[in-house]
Amino acid sequence: MNLEHLTSYLPHNADLYVKKWLENHFITLKITRRRETKLGDYRKLVENNRHQITVNGDLNQYAFFFVFTHEVAHLKTFVQFDSRKINPHGKEWKTIFGHLLLESIHVYPEELQPYILHHAKHPKASLGADINISKYIIDDKNPAQIYLEDLEDGSIFSIGKRIFKKESKRKLRYLCLELKTKKKYLINATATVNKL
């Protein structure tokens, strides 16, 4: 597999793992523009017995590799198990994803490795569900970024054009009231927001 177009998105030496993980698989890799709803995606393509992995191209190298690893775990889970009988982020996927993270842990900076190790032992379906990793690798471009968890309860904030009031915490999310519609939503604690 020719990975020349991919190496500029990867941390140093990550291409060694990519080659190893993808050997013997027919893969279409797509680097996409920023998507608000997801960082990456895996799907089994019907034609030519191929697999497709997409990753947002605006991510830093460590976030890109982390998301790519997440999607490779889906591919390996699909190949190894009957995908119709397992949960997409079930125990089979968690085991494979955790193994891939441990295998490639030295690609990440030393200060991030304890968080990768913890995540490998307790994989989450969403990168945003692991506050330590998402803060470290997703929004390093803007250290002044405000997260929902940083606001006091009762604060008014916006996400895009929608305006909310922060209410109570529910595990890793906050119950928030959208002021215009009066509907309540659970929003991830690490969602980036604009304080009003």
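The values are calculated or read from the model by the stated rules, or taken from the named source; none is laboratory data. Remember, predicted model here, so these are calculated numbers, not experimental data. Ideal geometry is used to build each Cβ from the backbone, glycine not excepted, and the neighbour counts take in all protein chains shown. Just so you know, the surface numbers come from the protein's heavy atoms only, side chains and all, with ligands and any DNA or RNA stripped out. Shrake-Rupley method; radii C 1.70, N 1.55, O 1.52, S 1.80 Å.
Tabulated results
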{"item": "Residue in region 69-86 that is surrounded by fewer than 16 Cβ atoms within 10 Å (Cβ to Cβ) and assigned to a strand (DSSP E or B) present", "result": "no"}
{"item": "Residues satisfying the stated conditions in region 78-111, i.e. without any contact (Cβ under 8 Å) to a residue 60 or more places away in the chain, of a type in the set (A, V, I, L, M) and either under 19 Å from Tyr136 (Cα atoms) or touching a Phe, Trp or Tyr at 6+ places or on another chain (Cβ under 6 Å) (or both)", "result": "Leu101, Leu102, Ile105"}
{"item": "Residues located in region 29-51, provided they are outside any helix (DSSP H, G or I), over 19 Å from the mean Cα position of the chain (by Cα) and either of a type in the set (A, V, I, L, M) or over 19 Å from Pro88 (Cα atoms) (or both)", "result": "Leu45, Val46"}
{"item": "The listed residue being closer than 20 Å to His5 by Cβ and open to solvent by 60 Å² or more (accessible area, probe 1.4 Å), out of Gln61, Gln52", "result": "Gln61"}
{"item": "Candidates Leu6, Leu39 - the one that is open to solvent by less than 30 Å² (accessible area, probe 1.4 Å), of a type outside the set (D, E, K, R) and at pLDDT below 90", "result": "Leu6"}
{"item": "Matching option when the condition is under 21 Å from the mean Cα position of the chain (by Cα) and modelled with pLDDT of 90 or more, among Ala120, Ala129, Ala125", "result": "Ala120"}
{"item": "Some residue of region 95-108 being open to solvent by 40 Å² or more (accessible area, probe 1.4 Å), within 25 Å of Asp130 (Cα to Cα) and not in a helix (DSSP H, G or I)", "result": "no"}
